[in-house]
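What follows is calculated from the coordinates using simple rules that are stated; it is not laboratory data. Remember, it's a predicted structure, so these values are computed and weren't measured experimentally. Neighbour counts are summed over all protein chains in view; Cβ atoms, including those assigned to glycine, are modelled from backbone coordinates with ideal geometry.
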Amino acid sequence: MSACALLFFQQAMAGGMDCAKAASAVEKAVCADKGLYALDAQMGAAYSKLMKSAPDKTAELKGTQRLWLKTRNQCVENVSCLNQRYRERLESLQTEWIDTLAYLPDEIDRQAMVELQQRIEAASKVDPEFALEKTLGAFTVSLDKTSFAGVPDDDEQTHFPETIPKGVSQDEWKALNASNITGASETGQTTYILTDLDGDGLRDLIVETYSGGTGLFWYTETWRGTGSRFTRRGAEAAPETNAETTLFYTNDRGANQAVNWIKVHDRIYAAYRDGAYGVDNVYLLNPLRINHQVPTITVQYGYELNVPRTQANQDNSTAYELPPTVQKALILGLSKIRNTESKNSAPICPIPSSGPGDDDYYSYGASYYAIEPVADFPVIMGDDCFIARLINWFGSYDEKVGLFAQLALRKPGSEEQAQSYTVNGRRHITQVSISIGKAEGGAAN
């Protein structure tokens, strides 16, 4: 039954199921529902495309399709169940399809990754705080480029210019107009940059769009210049005009992300840095290809944390001096935490025989998306146990204050207002490692 169903499916997959030949209850249910029939046709096309593009995986693909058909047929005439099964399979086939198109790092990429690792390690011996920034800065390129802005409309959205911008050649302008680039610029402020990203002598296009939102997002998309037109990166995987093919985005509130355009071993990368407390991950993105396996440099830090004696007042702009006993207790609590947040299996403070529920003693509580909770820990002052949380802004760091963080303090079982104290820290690199794997944060493709 499964083999026959598979044969029937393969014969009809190019244009959807041949409903004149529908025999089983499942096939009749698909033919009776326009939405299911459309999903069947989409999946058939995806299956056919994948079979042609990955001939070495034909047997494996047929096997997974047979297994899926068995699962689908268990739905019988349940439209909701069938809808879910089709969508799951479509997503799986699309993922496999993109994997066949994705760029695989080569020996030059590996050499570039090793080169950066060695340079960061050498720089850390001289400057253990800013070795990563200085290394990326040394490889950052000032590309020979032409940039121009989108034209705003009455709704403050920007659109591709209607007249040729300064610095754009007639051939480039003709190619730009032939490429339907308006979809990349319909929300927020947009900048267009023409520059050669792959060294073929033809300029490519970078589209940077600000969309705002809660995270203050900037999106970057790239288009390959071919002479007669520009081709959107990833168009072969997502051909729809409005498809999401962002190379990366940066979140300016709720993350610590930045990008350096660097050149290593005569190859240009978008070096995407995604930071957190104690770690920076730098992903070397190929700017014009689908990136699934990405050369990655991971820089880990240790901190020397301190609670300044002089603290800002929470209620006004005046400063005050911490009592020595309070400062000592806060610093002692900080000395016992690790660099990563972990779930407490035991209560942070002793649970009294009566009072609020147990949950009040296991963690500080809910957090806010724009800050990073590092760890919850106890602070003991006299006979009182307080629950403290160290929070920071995803490892954000500067030369003047180093790591700027806060220590929030509350007494469990009490209605007293929580207290907050400034924490500063100087960092040093503890390890620089390299790997090849999937990117995360705004570089995840």
Checklist entry - With helices defined as uninterrupted DSSP H runs, which ones in the chain have an alpha carbon span along their own long axis of at least 20 Å and mean Kyte-Doolittle hydropathy of at least -0.5? => result 34-53
Checklist entry - Over the chain, what relative contact order in percent results from Cα pairs under 8 Å that are six or more residues apart? => result 12 percent
Item to check | the chain: calculated mean residue ellipticity at 222 nm from DSSP helix runs of at least 4, using -39500 (n - 2.57) | outcome: -9000 deg cm²/dmol
Checklist entry - What does the highest-first list of 314-327, 25-38 look like by mean Cβ count within 10 Å? => result 25-38, 314-327
Next on the checklist: Let me understand region 356-426 better: what is its radius of gyration from the alpha carbons, and its Dmax, in angstrom?
Outcome noted: 13.3, 44
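Hey, fewest Cβ within 10 Å first, where do GLU399, GLU221 land in order?
Least crowded to most crowded, the residues run GLU399, GLU221.
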Checklist entry - What dipole magnitude, in Debye to the nearest 20, does the chain give about its Cα centre under +1 on Lys/Arg Cβ and -1 on Asp/Glu Cβ? => result 1140 debye
Next on the checklist: Using a 10 Å cut-off around each Cβ, can you sort PHE160, PHE248, PHE148 from fewest to most neighbouring Cβ atoms?
Outcome noted: PHE148, PHE160, PHE248
Next on the checklist: Name the residue from PHE248, GLY215, GLY167 whose Cα lies farthest towards the positive end of the charge dipole of region 164-302, charges +1 on Cβ of Lys and Arg and -1 on Cβ of Asp and Glu.
Outcome noted: GLY167
Next on the checklist: What lysines does LYS411 reach when the alpha-carbon gap must be under 21 Å and sequence neighbours fewer than 8 apart in one chain are set aside?
Outcome noted: LYS328, LYS336, LYS343
Next on the checklist: Please compute the volume of the convex hull spanned by the alpha-carbon atoms of the chain and report it per residue in Å³.
Outcome noted: 231 Å³
Checklist entry - Excluding same-chain residues fewer than 8 positions from LYS174, which aspartates and glutamates have a Cα within less than 17 Å of its Cα? => result GLU162, ASP204
Checklist entry - So which GluC sites (Glu not before Pro) in region 237-312 end up in coil per DSSP with only 14 or fewer other C-beta atoms within 10 Å? => result GLU240, GLU244
Checklist entry - How high is the relative contact order of region 85-185, given as a whole-number percent (alpha carbon pairs under 8 Å, six or more residues apart)? => result 14 percent
Item to check | Viscosity 1.567 mPa s, temperature 4 °C, Stokes-Einstein D of region 2-101 from Kirkwood C-alpha radius, µm²/s | outcome: 96 µm²/s
Next on the checklist: On a straight-distance basis, which lysines could pair with LYS62 in a cross-link, Cα separation under 25 angstrom, same-chain partners fewer than 8 positions away excluded?
Outcome noted: LYS21, LYS28, LYS49, LYS52, LYS70
Checklist entry - Which of SER147, ALA112, ASN180 sits farthest toward the positive end of the charge dipole of region 86-219, with +1 on the Cβ of Lys and Arg and -1 on the Cβ of Asp and Glu? => result ALA112
Checklist entry - Ranked by Cβ crowding within 10 angstrom, fewest neighbours first, how are THR296, THR191, THR95 ordered? => result THR95, THR191, THR296
